[in-house]
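The values are calculated or read from the model by the stated rules, or taken from the named source; none is laboratory data. All values derive from a computational prediction rather than experimental measurement. When we count neighbours, we look across all protein chains shown, and the Cβ atoms used for this are built from the backbone with ideal geometry, even at glycine.
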Amino acid sequence: MPIIGREILRYEQVSSTNDLVRQWGHDGAPEGLVVMAEEQTAGRGRMGRQWIAPKGSSLQFSILLHPPLAPLEAYRLTSVTAIAIAATLRDELRLSPTLKWPNDVLLNEKKCAGILIETVVEGNMLALAILGIGLNVNYAMRDYPDLTPFATTLADELGHPIDRAALEGALLSHLDDYYQRLCAGEDFYAEWRAQLSTLGRRVRVATPDGIEDGIAEDVARDGALLLRCDDRLVRFYAGDVTIVKRAD
Ligand code: BTN
């Protein structure tokens, strides 16, 4: 029996689907509830950024979950989500996605999907996880010149529009499969690590505490990025990674 998507609420316009799911969660809605929106007026990304997509162009939704994870293990939900999105793009559209630490899905090195997990902690467990996903589908990133160097859409990559409904169905089904396996105790560290195109590259990691340059040497089992800065190995649990080109 699927958990994710057993109930789907659809809205034309919301502030942020994460906010609605949080409210539904507090009101006792069942696990797996999905809130989909054609448009968000206050869609948000990681590190306080805005998340925008033209109305009706993309997939923007949030899922109510009760993962059997401790707060420090929340990264496992993020990584399994990235793996599930990548698997959907491979299986349904024959694309070749990679992952960027901590939780972006890339096509040809440009971001096509982002994940925002917000949690409610009770004791030493996650009482609630709000899993927000934004996937850029049917619009042209050239209309957003500031983003063009870093982001892309599925239509841009394929050169034609995508059947959003079919993609939504496939994505929810992959997410459900991976989520249920996560809940059953399966470990996705190796699968996640193998898909991270960040590893081995010279990168810049920006956090609220500052900027560090180095080689993205590996990821640890606890989800940390291990950045080699000369003789130091620095661990990051959050941050923004950009690839440093030779001339920088
Ligand atoms: C990121 O890459 O910074 C995360 C982006 C997450 C965007 C999605 S869209 C649906 C859900 N509602 C939000 O306000 N944000 C997430």
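Couple of notes before you dig in:
- Filtered residues of the stretch 136-167 (kept if within 16 Å of the ligand (Cβ to nearest atom), part of a loop (DSSP other than H, G, I, E, B) and either among the charged types (D, E, K, R) or touching a Pro at 6+ places or on another chain (Cβ under 9 Å) (or both)): V137, N138, Y139, D146
- Subset of the stretch 216-248 (residues that are within 21 Å of Y75 (Cβ to Cβ), over 21 Å from the mean Cα position of the chain (by Cα) and among the β-branched types (V, I, T)): V234
So that you can scan it fast, the table gives a plain yes or no per residue for (1) more than 16 Å from the ligand (Cβ to nearest atom); (2) part of a strand (DSSP E or B):
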{"position": "V121", "(1), (2)": "yes, yes"}
{"position": "G134", "(1), (2)": "no, yes"}
{"position": "G169", "(1), (2)": "yes, no"}
{"position": "L172", "(1), (2)": "no, no"}
{"position": "Y179", "(1), (2)": "yes, no"}
{"position": "G185", "(1), (2)": "yes, no"}
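- In the stretch 102-119, the residues that are assigned to a strand (DSSP E or B) and within 12 Å of the ligand (Cβ to nearest atom): D104, V105, L106, K111, C112, A113, G114, I115, L116, I117, E118
- For the stretch 189-198, the set of residues classified as closer than 25 Å to M47 by Cα and either surrounded by fewer than 17 Cβ atoms within 10 Å (Cβ to Cβ) or more than 18 Å from the chain's Cα centre (by Cα) (or both) consists of Y189, R193, S197, listed by residue number.
- Residue satisfying condition, being in a strand (DSSP E or B), in contact (Cβ under 8 Å) with a residue 12 or more places away in the chain and touching a Leu at 6+ places or on another chain (Cβ under 9 Å), within set L99, L77, L69, L95: L99
- Enumeration of residues in the stretch 191-219 that are among the aliphatic types (A, V, I, L, M), within 20 Å of I115 (Cα to Cα) and out of contact with any helix residue (DSSP H, G or I) (no Cβ under 7 Å at 6 or more places or on another chain): A194, L196, L199, V205, A206
- Test set (1) near the ligand (Cβ under 10 Å from one of its atoms); (2) more than 22 Å from L9 (Cβ to Cβ) - A74 fails condition number: (1)
- Within the stretch 131-138, at least one residue is over 18 Å from A82 (Cα atoms) and more than 15 Å from the chain's Cα centre (by Cα).
- Odd one out for L33 among (1) touching a residue at least 60 places away in the same chain (Cβ under 8 Å); (2) crowded, with 18+ Cβ neighbours inside 10 Å: (1)
- When E122 is tested against (1) of a type in the set (D, E); (2) touching a residue at least 40 places away in the same chain (Cβ under 8 Å); (3) more than 20 Å from A238 (Cα to Cα), just one condition goes unmet, and that condition is (2).
- The stretch 209-248: number of residues that are of a type in the set (K, R) and not in a strand (DSSP E or B): 3
- Any hit, the stretch 83-95, residues being buried (at least 17 other Cβ atoms within 10 Å of the Cβ), within 10 Å of the ligand (Cβ to nearest atom) and at pLDDT 95 or above: no
- Taking the stretch 96-109 as the range and being in contact with a helix residue (DSSP H, G or I) (Cβ under 8 Å, 6 or more places away or on another chain) and over 21 Å from Y179 (Cβ atoms) as the test, the residues that pass are S96, T98, L107, N108.
- All of (1) near the ligand (Cβ under 9 Å from one of its atoms); (2) surrounded by 16 or more Cβ atoms within 10 Å (Cβ to Cβ) hold for A42 with one exception: (2).
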